[in-house]
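Chemist: I have a structure I would like to understand better, so I am pasting it below and will then ask my questions one at a time.
The values are calculated or read from the model by the stated rules, or taken from the named source; none is laboratory data. Being a predicted model, the structure only gives us computed values, none of them experimental. A quick note on method: Cβ atoms are made from the backbone with ideal geometry, for glycine too, and the neighbour counts reach across all protein chains shown.
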Amino acid sequence: MSLRGRLVGAITLVLVGALLAGSVLTYLHAQRKVEIEMAAAMEVARNTVQRRMEELTRSFRPQIHLEETVTIFDGDRHVQATLVDRDGGVVAQSRVPPPENRVPDWFLAAVAPSFETERIDVPSIPMPVGAILLVPDPRSEVDEVWADVQITLTVLASFFIASFGFVSVIISRSLKPIGALAEAYRRIGAGDYSTRLPQTGSPELAGLCQGYNEMAERLGDMAGKNRQLAEQLVRLQDEERAELARDLHDEVGPFLFAVDVDSAAIAVIVKETGGGPRGGDIAAKAASIKAAASHARLHVRGILGQLRPGVLGSLGLAAAVREIVDFHRSRRPDVAFALDVPEASYGEVLDGVILAVIREALSNAIKHAEPRKIEVSIVPMGQEAAVVVVDDGRGFDPKDRPTGYGLIGMRERVAALGGMLAIERNPAGRGTAVNAIVPLSGNNRSALAEAPVGGKET
Ligand SMILES: Nc1ncnc2c1ncn2[C@@H]1O[C@H](COP(=O)(O)OP(=O)(O)OP(=O)(O)O)[C@@H](O)[C@H]1O
Ligand SMILES: [Mg+2]
């Protein structure tokens with residue numbers, strides 16, 4: 001449950017508890033008040049009747065005296081007096097005024113459960129009347145109490161509603177910056193350090209926002225430096241590759257060429273001079289040296305093909321990707337390659353990272369997956385580009401096995417640019433999908449916008 005929900009819930013509980021306690025106290029007080037009032041009324045009535053009974057013996061007309069005793073109670077709101085004969089028949093009865101308001105029956109039953117009727121027997125004189133009954137009638141008293149209770153409960157409920165509304169508004173306002181803070185932290189987690197928070201609200205929250213802003217500032221700086229370092233690393237690697245390619249080409253290539261030419265020359269010499277008694281053997285050895293040299297030259301050319309795409313400068317990204325694919329295609333003609341790469345450059349560093357991802361993903365698919373088909377695509381998506389390499393090979397679960405350096409390197413390069421790398425099952429069936437999302441800088445985005453739609457090739 002949210003913090004706001006918890007606070008509002010706790011305050012609601014306290015207020016409801018106070019309302020309940022107030023209701024119970026009001027009820028107990030009302031019950032007690034009715035009890036006391038009714039007991040007092042009955043006491044007065046009893047005394048009055050007893051006094052009149054004492055006077056009865058001195059009365060000349062006892063029946064009239066008794067009927068007058070009953071009429072004394074006319075208008076009494078709490079007690080009704082009834083004169084009954086010896087058989088219980090009503091001879092005279094006082095009139096009780098009805099209560100002003102209509103009290104709900106449940107309240108009457110709750111507050112004034114039952115009061116006993118009191119019977120005062122007439123002394124045995126030669127008369128048909130037998131007793132005066134005093135019947136307590138709590139309705140008027142409860143009516144008064146009901147009005148009090150209504151006022152008390154209305155005041156309590158109004159207080160409850162006002163306090164609840166007031167506290168809810170204060171809590172909502174105070175906690176508002178926390179929502180923004182949570183969203184800002186979520187963005188930082190996703191690698192976006194640009195959010196800054198206004199330092200408003202309570203001093204504690206303003207302090208938190210200030211701390212967040214300073215942290216975001218520092219993280220942003222560090223991410224920028226990291227990016228610069230990653231770019232330098234990629235550039236250094238490219239330079240190293242270029243140097244290696246140059247060495248291979250300039251130092252090893254000419255010697256292999258020389259071996260090729262010299263072996264051909266030996267064959268010519270043997271042919272022209274006959275080569276002596278072992279001329280045949282010499283010619284055969286010269287031919288095998290020539291074959292080995294050709295093989296080595298072919299191999300060196302292949303390695304150069306692998307190394308050269310690292311040097312993107314003159315080639316461009318799309319051409320470099322094609323070179324890598326051609327390299328694998330020449331060795332694995334059984335594998336079908338599908339390419340969808342736009343003829344665009346996203347900047348030297350980004351191109352280098354994209355190429356490194358494609359190179360490693362392709363070489364993994366060829367090395368580990370035994371695929372029949374591999375698809376390579378670069379898809380521009382507004383502020384990002386998706387680099388996707390999908391094979392239909394045997395697949396693997398990256399969580400199950402320890403990763404080698406290839407996957408780690410891919411992840412690090414993409415992360416250094418603030419991107420994300422996902423390695424998943426091929427959504428179209430068997431195999432693996434390597435999915436890198438790399439953010440494009442402003443310059444790269446404009447280059448993309450101008451780029452022609454990349455040619456598809458299979
Ligand atoms: N496309 C794929 N299909 C099947 N298995 C794969 C695929 N890509 C990676 N793997 C598995 O993941 C492991 C780790 O790959 P990673 O590229 O990190 O290391 P590597 O290729 O074994 O060695 P290197 O450090 O030379 O790249 C591989 O050994 C392989 O078992
Ligand atoms: Mg690998």
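Chemist: Conditions first: (1) in contact (Cβ under 8 Å) with a residue 24 or more places away in the chain; (2) closer than 29 Å to E343 by Cβ; (3) more than 16 Å from ligand 2 (Cβ to nearest atom). G431 passes all but one, so which condition is the exception?
Modeler: In the conditions (1) in contact (Cβ under 8 Å) with a residue 24 or more places away in the chain; (2) closer than 29 Å to E343 by Cβ; (3) more than 16 Å from ligand 2 (Cβ to nearest atom), G431 misses (3) alone.
Chemist: Which of the residues spanning the stretch 164-184 are under 18 Å from the mean Cα position of the chain (by Cα), loosely packed, with under 14 Cβ neighbours inside 10 Å and not aliphatic (A, V, I, L, M)?
Modeler: Of the stretch 164-184, the ones under 18 Å from the mean Cα position of the chain (by Cα) are 175-184.
If we keep only those that are loosely packed, with under 14 Cβ neighbours inside 10 Å too, we end up with 179, 182-183.
Listed by number, the residues that qualify are G179, E183.
Chemist: Check the stretch 57-70 and report whether any residue there is under 22 Å from R139 (Cβ atoms) and touching a strand residue (DSSP E or B) at 6+ places or on another chain (Cβ under 6 Å). Explain how you work it out, then say what you get.
Modeler: Quick first cut of the stretch 57-70, residues under 22 Å from R139 (Cβ atoms) only: 70.
In the following step, the residues that additionally are touching a strand residue (DSSP E or B) at 6+ places or on another chain (Cβ under 6 Å) were identified as 70.
Yes, there is a match, as at least one residue in the stretch 57-70 is under 22 Å from R139 (Cβ atoms) and touching a strand residue (DSSP E or B) at 6+ places or on another chain (Cβ under 6 Å).
Chemist: Next question. So S140 passes all but one of these: (1) over 20 Å from E37 (Cβ atoms); (2) at pLDDT 85 or above. Which condition number does it fail?
Modeler: Single failed check for S140: (1).
Chemist: Condition first: under 30 Å from G88 (Cα atoms) and buried (at least 17 other Cβ atoms within 10 Å of the Cβ). Can you find one or more residues in the stretch 141-163 that meet it?
Modeler: Yes, the stretch 141-163 contains a residue that is under 30 Å from G88 (Cα atoms) and buried (at least 17 other Cβ atoms within 10 Å of the Cβ).
Chemist: Which members of the stretch 409-435 meet the condition of being over 29 Å from the mean Cα position of the chain (by Cα) and within 19 Å of A223 (Cα to Cα)?
Modeler: Passing the criteria: G409, M410, R413.
Chemist: Somewhere in the stretch 349-365, is a residue in contact (Cβ under 8 Å) with a residue 40 or more places away in the chain, within 16 Å of ligand 1 (Cβ to nearest atom) and exposed (fewer than 15 other Cβ atoms within 10 Å of the Cβ)?
Modeler: no
Chemist: Taking only the stretch 42-80 into account, find how many residues are of a type in the set (V, I, T) and not in a helix (DSSP H, G or I).
Modeler: Filtering the stretch 42-80 down to residues of a type in the set (V, I, T) leaves 44, 48-49, 57, 64, 69-72, 79.
When the remaining residues are screened for being not in a helix (DSSP H, G or I), the result is 57, 79.
Number satisfying all stated conditions: 2.
Chemist: Separate question: Identify, from the list V122, V91, V155, V96, the residue that is out of contact with any strand residue (DSSP E or B) (no Cβ under 6 Å at 6 or more places or on another chain) and of a type outside the set (D, E). Lay out the reasoning, then the answer.
Modeler: Working: V122 fails: out of contact with any strand residue (DSSP E or B) (no Cβ under 6 Å at 6 or more places or on another chain); V91 fails: out of contact with any strand residue (DSSP E or B) (no Cβ under 6 Å at 6 or more places or on another chain); V96 fails: out of contact with any strand residue (DSSP E or B) (no Cβ under 6 Å at 6 or more places or on another chain).
The unique qualifying residue is V155.
Chemist: Within the stretch 20-30, is even one residue closer than 30 Å to V167 by Cα, of a type in the set (F, W, Y) and modelled with pLDDT under 90?
Modeler: Looking through the stretch 20-30, at least one residue is closer than 30 Å to V167 by Cα, of a type in the set (F, W, Y) and modelled with pLDDT under 90.
Chemist: Okay, moving on. Residues in the stretch 94-124 that are modelled with pLDDT of 85 or more, β-branched (V, I, T) and touching a helix residue (DSSP H, G or I) at 6+ places or on another chain (Cβ under 9 Å): how many?
Modeler: Final tally of qualifying residues: 2.
Chemist: Just one of (1) surrounded by fewer than 17 Cβ atoms within 10 Å (Cβ to Cβ); (2) within 30 Å of E412 (Cβ to Cβ); (3) at pLDDT below 90 trips up A338, so point out which.
Modeler: Evaluating A338 over (1) surrounded by fewer than 17 Cβ atoms within 10 Å (Cβ to Cβ); (2) within 30 Å of E412 (Cβ to Cβ); (3) at pLDDT below 90 leaves (3) as the failure.
So that you can scan it fast, the table gives a plain yes or no per residue for (1) modelled with pLDDT of 85 or more; (2) in contact with a Ser or Thr (Cβ under 9 Å, 6 or more places away or on another chain); (3) more than 28 Å from M1 (Cβ to Cβ):
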site: I170; (1), (2), (3): yes, no, no
site: S174; (1), (2), (3): no, yes, no
site: L181; (1), (2), (3): yes, no, no
site: A184; (1), (2), (3): yes, yes, no
site: T195; (1), (2), (3): yes, no, no
site: L208; (1), (2), (3): yes, no, no
site: G220; (1), (2), (3): yes, yes, yes
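Chemist: If you check R241 against the conditions, is it in a helix (DSSP H, G or I), more than 30 Å from Y193 (Cα to Cα) and touching a residue at least 60 places away in the same chain (Cβ under 8 Å)? Even if it seems obvious, please write down each step before you answer.
Modeler: Details: in a helix (DSSP H, G or I): yes; more than 30 Å from Y193 (Cα to Cα): yes; touching a residue at least 60 places away in the same chain (Cβ under 8 Å): yes.
So R241 fits the description; yes.
Chemist: A further question follows. If E323 satisfies all but one of (1) in contact (Cβ under 8 Å) with a residue 60 or more places away in the chain; (2) assigned to a helix (DSSP H, G or I); (3) away from ligand 2 (no atom under 16 Å from the Cβ), what's the number of the condition it fails?
Modeler: Of (1) in contact (Cβ under 8 Å) with a residue 60 or more places away in the chain; (2) assigned to a helix (DSSP H, G or I); (3) away from ligand 2 (no atom under 16 Å from the Cβ), only one is false for E323: (1).
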